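Written out below as structure tokens is the structure these notes cover.
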Amino acid sequence: MVLLKLEALTSADIQGMIQSIHPVDIIDTLLVIYLVYKVLQLVRETRAMQLLKGLLLLMVLYMAVDLFELNTMRYLLEMVFQYGVIALLVVFQPELRRMLETVGRTRISNLNVFNIGHFDANTQKQQWNAAIGTICNAANTLARSKTGALMVLERTTKLGEIIKTGTVVDAIPSVELIGNLFFVNSPLHDGAMIIRDGKIFAAGCYLPLSDNHEISRELGTRHRAGLGMSENSDAVVIIVSEETGVISVAIKGVLTRNYNAESLAELLKTEILSDGAVSETSEKKESFWKSKKN
């Protein structure tokens with residue numbers, strides 16, 4: 001009888017708990033779980049992952065200190081939690097910025113709310129088609145002569161801050177022009193070239209260096225800068241080694257090497273023409289504004 005009553009009470013309690021749950025609570029919980037998952041996914045390959053592990057250890061330590069009533073240690077840990085947040089914001093500013101930029105590059109950004117002027121998707125495709133062939137031929141020519149080069153192909157992340165560090169060119173790309181810009185005696189040869197919408201927009205630009213300590217020592221500053229740019233944006237970065245003439249490409253913090261003109265063209269067409277540079281949303285907005293004008 002006692003067991004039956006306990007089972008009845010347990011069933012009633014469970015039924016009451018289920019009835020007290022509202023659909024909004026379920027949605028709220030799922031959103032929190034998804035947010036935590038995405039944050040862990042973003043910080044997985046950065047120093048912030050070690051930070052999370054350290055914070056978990058501090059929380060466990062605080063619980064143990066509180067359990068055994070170690071007042072002095074508890075006071076010190078409370079001070080760490082209270083003022084440590086400000087210090088963490090300063091120390092991990094690059095990681096936080098990178099996380100926000102990654103969020104900003106999600107598919108919702110394809111609404112192009114801040115890019116209202118860039119509607120002519122067909123023109124962009126034509127410009128990029130012509131530019132990709134020229135860029136690949138130029139990279140191949142630079143590789144044969146072992147002339148160092150760093151070319152950044154801008155996609156959805158605008159590189160205005162990087163462009164300010166160099167000289168605006170705003171010219172249609174050609175093999176000769178790219179060769180002259182990276183010629184050893186050229187005043188702009190040490191910096192990076194920024195290519196926007198299939199045109200050479202700036203040259204002699206300075207890029208952020210990668211903080212990745214696993215980069216091979218065989219790779220110099222040019223490769224580290226290319227990786228750093230790809231880590232901080234969705235740009236495609238082409239690097240030509242001055243020592244070996246090897247053509248490398250950095251995308252999303254990953255460096256691949258040993259390209260020739262054909263394989264490089266295939267990669268760029270996949271990355272540029274079918275992904276960020278020309279979006280379907282741009283085409284939809286173009287047709288929308290044309291219909292409004294008519």
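The values are calculated or read from the model by the stated rules, or taken from the named source; none is laboratory data. Since this is a predicted model, take the numbers as computed values, not measurements. Positions of Cβ are generated from backbone atoms using ideal geometry, with glycine treated the same way; all protein chains shown enter the neighbour counts. Areas reflect the complete protein model, heavy atoms only, side chains present, ligands, DNA and RNA absent. Shrake-Rupley method; radii C 1.70, N 1.55, O 1.52, S 1.80 Å.
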> Hey, can you rank 226-236, 159-169, 21-31 by average C-beta count inside 10 Å, highest first?
Replying inline: 226-236, 159-169, 21-31
> What whole-number value in Å² describes the accessible area per residue of the range 138-288 for a 1.4 Å probe?
Replying inline: 47 Å²
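Go through 38/125; 53/158; 53/252 and tell me which ones have a Cα-Cα distance over 27 Å in this structure. Please report the intermediate quantities before stating the final value.
Numbers: 38/125 33 Å; 53/158 33 Å; 53/252 25 Å.
38/125; 53/158, as the Cα separations exceed 27 Å there.
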> Hey, rough spin-label estimate for residue 270 and residue 85, points 7 angstrom out along Cα→Cβ, what's it come to in nanometres?
Replying inline: 4.4 nm
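Between residue 53 and residue 176, 0.36 nm times their residue separation minus their Cα-Cα distance comes to what? Show your work: numbers first, answer last.
Working: separation 123, 0.36 × 123 = 44.28 nm, distance 5.23 nm.
Additional length available on full extension: 39.1 nm.
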> What distance in nm separates the simple spin-label points at residue 25 and residue 212, each placed 7 Å from Cα in the Cβ direction?
Replying inline: 4.6 nm
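How many percent of the alpha carbon pairs in the range 229-279 exceed a separation of 13 Å? Walk me through the numbers before you get to the answer.
On the way: 758 of 1275 pairs.
The proportion of pairs with Cα distances above 13 Å equals 59 percent.
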